[in-house]
Amino acid sequence: MATNEEDDQSKPTSAEASSSSSSSSPLLYKPPSPPTTTEQPDPYSDDPNQYLQISYNYEPSRPFKDLPFLIIFTLFLLSTFIFGIFSIFNRNSNYPSINSYSYSSNSSSCVITTTKNTNPSLLLLLLEDSNIKGSSFFNALISTLVVTFILAIPICYALLLLLKHYTKQLVYVSLPFFIVLPLFFDIYWFVACTLSSSCSRAFPLAYRILLLVFVVLIIGVILWIFVANWHRIQLTIDIIGVASDALSKNLGLFVVLPLLTFGLVVYYAPIVVFLVFARFNGKVVPEYDSGNGEYSCVWKQDGWVPAYYALAILTMLWSLTNMVEAQAYVISGTVAQWYFSKEDTRPKKSIRSSLRNAFGPSAGTVCLSGLLICVVRLVRAAVESTREEVPGFVHLILRCFVNALLSSIDFLNKFTINFAAITGEAYCSSAKLTYELLRRNLLSAAFVETVSTRLLSGLIFVLSATYAIVVCAILKGAGLGVDSYFVAILAWALLILVLGFFIHVLDNVIDTVYVCYAVDKDRGEVYKPDVHEVYVHLPITRNSRSYRALSPEV
C-alpha cells in the first residue's frame, strides 16, 4: 500500500538518493542477495528481476540537469537581443523615403529629388472608412468573436465537469454526431450549391456528385473505425473520467498556463520589433537595369541582416517549443504531486514547485526537449517543401519514412518530459528509464495516446460545430444574410482553438496519470485505487508479453 507523503519526503527513494548523490548513478536497484551467499548484485546487469524504485522527487532543491543546452539557448537569446538592439541604433533613416531617391549621373549616386508622403497603411484606410466601421457585418463579426471568447471559459469549465461526472453519457450522446454533422454539412452544401446559379457554374454536377460521394465514403470509414474499436470505448471513457477528475483537483493550471502563453507573447514583442528595425540596416545604392539601360535606386541590406533574421526566427521557434514543453512539465509535475499524495490530503504549492523546477533545475531538460521538437518540426516542413522538387513516388517514400521516424521521436519525447517532471532526471536518463519502465510493466501506450486523443478531438468538433450552427441561425435571423456563414466559421475556429487548448491540457494529464500508474505498478504500490481500477484493464503490449515470458518467477 501507499506510504504517506511525509515519509516520502523525509525518506527519498533510490531514484531520489541516486540523483542527489551522483548525476551518473542509475535509478536501477536489485534486491539484496540471500544471506547464504556473499555475491553482490550488479546494478548494471540486464537481469529481468531488476526493478526501478521511482516516485515523485520532493526535494526542494533538485540538481541542475542538461546545463549545456540551457547555456546554448541563453546564448541564442542574448545574441538575438544584442544584435536586435544594435539594429535599432544602427538603422538608416533613409529607408522609409526610398521612393524619393533617383540616380544622378553627375555624382554617379542616388540623391533625394522629391519628398513624397508615405502611403497610409491598409489597416489605417480600413479604420478610416466609415462604411466599413459602421457596417453591420463588421459589428456582427466583432461582437460575435468577443461573445465567443467570453463564453469559451464557462464552456470549458462545464465540459470539464461533464467529463468528470457524466463522461459515459456525454461520449455516447456525442458519438452519433460524429457521423450526423459531417453528413449534414455534406448534403447541405450539395443542395445549396445546386440551388445557387454561381456555385452551379463553378462546380458542375459531376464534380458535386463526386465530392458528395467522397465525403460519404470518409464518413463510412469513420463509422467503421467506431465499430472496430467499440470494445475500447468504455475503457477510454473511464480513462478520460479519471483524467478529468485529476484536472478538476488542479484548476490553478487554467490560470498559470494562459499566463505562460501571454508571457511568451510579451517575450516575442521586442524580437518582432528587432526584426522590423533590422530591415532599416543598409543603404540606397544605384543598380543598372540591363532591360532599359538605365540606373535605378534600390535598397541594399547589410550583409549581417539575413543571418540575423535566421538567428531571430530560430530563437523564436525554439522558444515556442520550449514553452510548450515547459507547460507539459508543469502539468506533469502538478498532477504527479496530486497522484502521489494521500487520498484525504491535497499537496500544497504544487504548481509553484513545478514552475520552480521547470524554469530552474530542469530548464536545461526543457530546452533539450524543445530543441528536439523544433528540429522535428523543421525537418517535417523541409520534407513537405520538397514535394515539387522530388518525383512523386520518391517523395512519397521519403515522406512516409521521415514521418514514421519523427512520430516515434514525438511519442518518446512526450513520456520523457512526463518522467523528467516526476523524478527530476536528465533528458537522456529519463528517456532510457521511461522506455525500461514501459517495457517491463506494460500496458499499451499507443492506446492511451491515440484512442483518447481522437475521441476528445471528435468531441470538441461536435461542440464547436453545434455552436457554429446556432451562431449562424441567430445571425441569419438578425438579417445578416450570406455573411452569417463567414462569421459563424470564424466563431467556430475561435471556439475550437480554445477547446483545443483545453484538450491539450487534458491529454497531458492523461499521459501523466498513465506514467504515474506505471511507476505505482512497478513499485507494487497503490496511491490512487480508482486509477488502478481503470488502468488495470489496459491491453498488454506484445513486447511486454515476451518480456514476462522470459522473466523468472520471483
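Just a few scattered comments:
- When VAL471, VAL482, VAL487 are screened for being farther than 20 Å from LEU162 by Cβ, more than 15 Å from the chain's Cα centre (by Cα) and without any contact (Cβ under 8 Å) to a residue 40 or more places away in the chain, only VAL482 passes.
- The listed residue being of a type in the set (Asp, Glu) and in contact with a Phe, Trp or Tyr (Cβ under 9 Å, 6 or more places away or on another chain), out of ASP238, ASP245: ASP238
- Among the conditions (1) free of Cβ contacts under 8 Å to residues at least 40 places away in the same chain; (2) touching a Pro at 6+ places or on another chain (Cβ under 9 Å); (3) not in a helix (DSSP H, G or I), the only one that ARG356 does not satisfy is (3).
- Among the criteria (1) out of contact with any Leu (no Cβ under 8 Å at 6 or more places or on another chain); (2) within 19 Å of GLY424 (Cβ to Cβ); (3) open to solvent by less than 50 Å² (accessible area, probe 1.4 Å), the one LYS349 does not fulfil is (3).
- The range 184-215: number of residues that are open to solvent by 80 Å² or more (accessible area, probe 1.4 Å) and hydroxyl-bearing (Ser, Thr, Tyr): 2
- Residue in the range 242-252 that is among the basic types (Lys, Arg) and either at pLDDT below 85 or part of a helix (DSSP H, G or I) (or both) present: no
- Subset of the range 306-340 (residues that are under 30 Å from ILE88 (Cβ atoms), crowded, with 18+ Cβ neighbours inside 10 Å and of a type in the set (Val, Ile, Thr)): THR315, THR321, VAL324
The values are calculated or read from the model by the stated rules, or taken from the named source; none is laboratory data. Note that the coordinates shown come from a computational prediction; the quantities given were computed from them, not determined experimentally. Glycine gets a Cβ as well: all are built from the backbone with ideal geometry, and neighbour counts include every protein chain shown. Areas reflect the complete protein model, heavy atoms only, side chains present, ligands, DNA and RNA absent. Shrake-Rupley method; radii C 1.70, N 1.55, O 1.52, S 1.80 Å.
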